[in-house]
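Written below as structure tokens is the structure these notes are about.
The values are calculated or read from the model by the stated rules, or taken from the named source; none is laboratory data. All of these numbers come straight from a predicted model, not from anything done at the bench. With ideal geometry, Cβ positions are generated from the backbone for all residues, glycine too; neighbour counts draw on all protein chains shown.
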Amino acid sequence: MAIRLRPHHLLCMLTFVGRGYSPRFTANYEVLARRLSRGETIILVEGPDDICAPLLEDENVPHCLGESVCGRDAEALAAVSHLLGRPLSVGSSIVPGPSLFRKLRLHFSSGGLRAACAGCEWGSLCDHVAEGGYREVRIR
């Protein structure tokens, strides 16, 4: 089974250290982190994905439907496509693994993939994780 991810979550997954919007959100992300670490295929989707799922159950309209998040998706898709040297779009598949994570993290740390992160509320946490050498990340 594949993991459905929206493009900006290709960046978020690099710094996931077990913190999130709610206990349900974090527990779901932990399960996905284990699957990604095992190399389960990623399918790129438009809009809310498997990481967002617990937020969609809230009574409030989740931020994952917001315009700014869709802008992050477009920025991340362009940056990751450029880095990987192949066009990615909704429906594209990516097989994760240590070499992919190393490459993405190297460019994330240098700022090459961070345009999509502008204004994100998790920015300072991601900075801290990257500056610490990604020691505590759940996805390897």
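Observations, loosely collected:
- Options Glu59, Glu131, Glu136: the member that is modelled with pLDDT under 95, acidic (Asp, Glu) and more than 13 Å from the chain's Cα centre (by Cα): Glu59
- Under the condition of being more than 23 Å from His107 (Cβ to Cβ) and either buried (at least 17 other Cβ atoms within 10 Å of the Cβ) or touching a His at 6+ places or on another chain (Cβ under 7 Å) (or both), the residues counted in the range 36-52 number 2.
- So Ala27, is it exposed (fewer than 15 other Cβ atoms within 10 Å of the Cβ), more than 20 Å from Ala130 (Cβ to Cβ) and modelled with pLDDT of 95 or more: yes
- Test: residue in the range 73-86 that is touching a residue at least 60 places away in the same chain (Cβ under 8 Å), more than 15 Å from Phe16 (Cβ to Cβ) and of a type in the set (Ser, Thr, Tyr): no
- Selected residue (only one of Ser81, Ser93, Ser68 is at pLDDT below 95 and hydroxyl-bearing (Ser, Thr, Tyr)): Ser68
- Every residue from the range 81-114 that is surrounded by 17 or more Cβ atoms within 10 Å (Cβ to Cβ) and basic (Lys, Arg): Arg105, Arg114
- Pairs where the first residue, in the range 91-120, is touching a residue at least 24 places away in the same chain (Cβ under 8 Å) and closer than 10 Å to Leu10 by Cβ and the second is of a type outside the set (A, V, I, L, M) and outside any loop (DSSP other than H, G, I, E, B), C-beta under 6 Å, 6+ apart: Leu113/His107; Ala116/Arg72; Ala116/Glu75
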